[in-house]
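The values are calculated or read from the model by the stated rules, or taken from the named source; none is laboratory data. Because the structure is predicted, anything quoted here is derived from the model rather than measured. When we count neighbours, we look across all protein chains shown, and the Cβ atoms used for this are built from the backbone with ideal geometry, even at glycine.
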Amino acid sequence: MTRRLLAIGLVAAVTTTILVAALAGCGGGDPADRRLLMVGIDAAEWAVIRPLLEEGRMPNLQRLIDSGVSCGLRSLEPKQKSPVIWTTIATGKNPEKHGISDYIDPTSKKILTSNVRTARTFWDILGEEGKTVTVIGWLVSWPAEAVNGYMVTDYFRFGQKPGRELPEDLTYPEELLTEIEPLRITSDMLTDEEIARFVSPDAALTRDEARELPMDELFVEMRAIDALERTIAPLRDFHAGDRTFLRVAKHLIREHPTDVCIVYLRGVDSVCHKFWAAAHRGEVGIPISHTDARVFGETVDLYYEYADEMLGELVEAYGDGATVIVCSDHGFEGPKPGKKPGGINEHGPVGVLIAAGDGFRSGVEVGEANVRDVTPTILALYGLPVANDMDGEVFEEAFEPGYLARHGARNIPSYERMDRRTE
Ligand SMILES: [Zn+2]
């Protein structure tokens, strides 16, 4: 080789090195090394979150919004129940492909279980790619499936009740159950102080005050005063569920760290169904007592503050440098005049998506994604191909310019194992 050619070769090599280093700098290095924390908050709604952010009451979410990309996440249409939507989030597929249509099978009346699902989840795909995964509390995850890591199913939170056996397969591996059993928090373990942060029972009207009300309000008021304890009781249950999964998540992150950790939290949805009307007296088409408005008027906002605390604790436990995705299955609008209160009638059409970490754009709000897009987007984040039989797409707007060009993979026909249904 002549000296001139050698020099050109050297320049080319140095340039390549600089280029590779520069790309690694702005693209987040090897996507395969990424650690991902995903927190699913059922029913999280921007219309509730935005005013709380403005008041500085959700500082942990604020940090993720500032450092990541955020948008609305459109739910399935027509409206579906939460297990259906969360399964779409986990598979990138519409309900007719993933097989989970409800909580209960409409014909057999049996609860729908993970083995009814006919599509693979993103944690299954990532696990097969060598990522270790932890999945905690996800809807329709019981019985626990074998994963490349740990699975704590949604049924884990229900404590042993007298005369009723706990179902088997609450966790994978099964031995994990003995280790985490002591972490379960049941409603009777919560102190009054732990519940008092969400409600103001002392603000209830006294019976004498109630007797001053006009006749049409008196009955509603007296009933609310009588029911006060019974109205608070479910809050204990919702809170115990979230506290249990938070505690299990922090334990597993500390004792058995994995590349991917997925935590589902149900409390916000339950609290909204129960207490939304109290904060919207006069707007919801049902009579709300002064007592409920006073005692529970702040409960939804206060529970969102708690959800933010849980998020902060999970992010801190998982450690710096991780990618964090927060999403919800639908928004929340509350009961509406003329519509039957409760259930999916109260859900809103658009939930939330926030994604922060290398590869995602930083500090920008972008257009709307769809619940079907979550799995393809996570696969793209890892530089893995999206399957043509998925109904969602990579949410390209979320990524830094050039990221997908550098790490994107060609689509594949399917991740499904053709023998799965006949197994
Ligand atoms: Zn709901």
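Below are the figures for this structure:
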item: So Arg4, is it surrounded by fewer than 12 Cβ atoms within 10 Å (Cβ to Cβ), farther than 25 Å from Ala409 by Cβ and at pLDDT 50 or above; result: yes
item: Qualifying position, being on the phi > 0 side of the Ramachandran plot, assigned by TED's automatic domain parsing to the domain that holds Ala196, away from the ligand (no atom under 15 Å from the Cβ) and surrounded by fewer than 18 Cβ atoms within 10 Å (Cβ to Cβ), among Gly357, Gly285; result: Gly285
item: Some residue of the stretch 95-102 being in a helix (DSSP H, G or I) and polar (S, T, N, Q); result: no
item: Qualifying positions in the stretch 47-89 - within 16 Å of the ligand (Cβ to nearest atom), of a type in the set (A, V, I, L, M, F, W, C) and part of a helix (DSSP H, G or I); result: Ala47, Val48, Val84, Ile85, Trp86, Ile89
item: Whichever residue in the stretch 55-85 is polar (S, T, N, Q) and touching a residue at least 60 places away in the same chain (Cβ under 8 Å) and, among such residues, is surrounded by the fewest Cβ atoms within 10 Å (Cβ to Cβ); result: Ser67
item: Contacts under 7 angstrom Cβ, first residue in the stretch 334-345 being in the same structural domain as Val271 (by TED's automatic domain parsing), partner small (Gly, Ala, Ser), 6 or more apart; result: Gly334/Ala277; Pro335/Ala277; Pro335/Gly285; Lys336/Gly285; Pro337/Gly285; Gly338/Gly285
item: Failed item, numbered, when Gly130 is tested on (1) at pLDDT 95 or above; (2) outside any loop (DSSP other than H, G, I, E, B); result: (2)
item: Residue within the stretch 377-391 that is among the aliphatic types (A, V, I, L, M) and out of contact with any helix residue (DSSP H, G or I) (no Cβ under 9 Å at 6 or more places or on another chain) present; result: no
item: Residue check, Val324 touching a strand residue (DSSP E or B) at 6+ places or on another chain (Cβ under 6 Å), surrounded by fewer than 22 Cβ atoms within 10 Å (Cβ to Cβ) and either in the same structural domain as Arg243 (by TED's automatic domain parsing) or not small (Gly, Ala, Ser) (or both); result: no
item: Some residue of the stretch 298-310 being more than 15 Å from Val271 (Cβ to Cβ) and away from the ligand (no atom under 16 Å from the Cβ); result: no
item: Of residues in the stretch 329-347 being surrounded by 13 or more Cβ atoms within 10 Å (Cβ to Cβ) and near the ligand (Cβ under 10 Å from one of its atoms), the one nearest to the chain's Cα centre (by Cα); result: Asp329
item: Some residue of the stretch 242-256 being touching a residue at least 40 places away in the same chain (Cβ under 8 Å), within 16 Å of the ligand (Cβ to nearest atom) and buried (at least 23 other Cβ atoms within 10 Å of the Cβ); result: yes
item: Top-ranked residue of the stretch 90-102 - restricted to ones that are in contact with a helix residue (DSSP H, G or I) (Cβ under 9 Å, 6 or more places away or on another chain) and without any contact (Cβ under 8 Å) to a residue 24 or more places away in the chain, ranked as farthest from the ligand (Cβ to nearest atom); result: Gly99
item: Test: residue in the stretch 140-156 that is in the same structural domain as Arg266 (by TED's automatic domain parsing), in contact with a Gly (Cβ under 9 Å, 6 or more places away or on another chain) and within 14 Å of Pro83 (Cα to Cα); result: yes
item: Residues of the stretch 323-350 classified as out of contact with any Lys or Arg (no Cβ under 8 Å at 6 or more places or on another chain) and part of a strand (DSSP E or B), total; result: 7
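Yes/no matrix, rows are residues, columns are (1) charged (D, E, K, R); (2) in contact with a helix residue (DSSP H, G or I) (Cβ under 7 Å, 6 or more places away or on another chain); (3) modelled with pLDDT under 95; (4) under 26 Å from Glu45 (Cβ atoms):
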{"site": "Glu212", "(1), (2), (3), (4)": "yes, no, no, no"}
{"site": "Phe245", "(1), (2), (3), (4)": "no, yes, no, yes"}
{"site": "His251", "(1), (2), (3), (4)": "no, yes, no, no"}
{"site": "Phe275", "(1), (2), (3), (4)": "no, yes, no, yes"}
{"site": "Gly285", "(1), (2), (3), (4)": "no, no, yes, yes"}
{"site": "His290", "(1), (2), (3), (4)": "no, yes, no, yes"}
